[in-house]
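Everything below concerns the one structure shown next.
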Amino acid sequence: MKWLAVALVTMALLGAAPFWETKAPADWTEDELITLFTNSPWAQMVEAPAGSPAPPVQVYLATAGPMQQGEAERDRRYRRKRPHEQTDEMTLEYRAWLRENGAQSIVLAIAIPKGQDALAEQDSQRMEDECVMHVGRRKFKMTGHFPPTGSDPYLRLAFPRQVKESDKSVSFDLYLPGVPIPYRSVEFRVKDMIMNGKLEI
């Protein structure tokens, strides 16, 4: 989390608000869009445990307002390049679910290596058993998941929306089938995710 604290302090010292507050998504550069999804208050590249050669894993909070805007803009640019490509049924199902359940849920999106889009039943059950959200001393199990697809290469884990502005942080212990060194942990600081006076998560 040091990198994020340094970045936010630097912006504060320079008096510059982050681009996701000052620019419309259509005006974000490609580099800014990448930054939003990899190095922002809602996104991290999560390293494997110390000493492991496994690559970092991209993780972000897909239900946060800026991330939803980023996903929509990323999809718009992708469709502009491939106007005839069809969106698969699972991706459409996730989007419909999000419209109905987003207000009660937090969705964590995790980039999964290509070729790992199908989860074995035992892996899926283990993931459901071992993925946990921590808010203070409280623990919450995931309430469901959507596997990665050809249209959406992210595993999406749903948790109950139980984070308040008064909380210090929210963290996740994860078991991610198909990821080298599948046990990963990630933490997000609540105060960094407050935007225009509202907690975005």
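Here are some notes:
- Filter result for Asp192 (among the acidic types (Asp, Glu), at pLDDT 90 or above, within 22 Å of Gln58 (Cα to Cα) and not in a strand (DSSP E or B)): yes
- Looking across Ala120, Ala50, Ala54, Ala62, one residue alone is among the small types (Gly, Ala, Ser) and modelled with pLDDT of 95 or more. It is Ala62.
- Selection status of Val179, more than 30 Å from Thr22 (Cβ to Cβ), of a type in the set (A, V, I, L, M) and surrounded by fewer than 20 Cβ atoms within 10 Å (Cβ to Cβ): no
- Any hit, the range 73-93, residues being of a type in the set (Val, Ile, Thr) and either closer than 30 Å to Gly197 by Cβ or without any contact (Cβ under 8 Å) to a residue 24 or more places away in the chain (or both): no
- Within the range 138-154, the set of residues being part of a loop (DSSP other than H, G, I, E, B) and at pLDDT 95 or above comprises Met142, Thr143.
- Of all residues making up the range 33-91, the number that are farther than 23 Å from Arg189 by Cα, in contact with a helix residue (DSSP H, G or I) (Cβ under 9 Å, 6 or more places away or on another chain) and in a loop (DSSP other than H, G, I, E, B): 2
- Qualifying residue in the range 70-88 (condition: modelled with pLDDT of 95 or more and closer than 23 Å to Ser169 by Cα): yes
The values are calculated or read from the model by the stated rules, or taken from the named source; none is laboratory data. Model, not experiment: these values are computed from the prediction. Cβ sites come from the backbone with ideal geometry, for glycine too, and all protein chains shown count toward neighbours.
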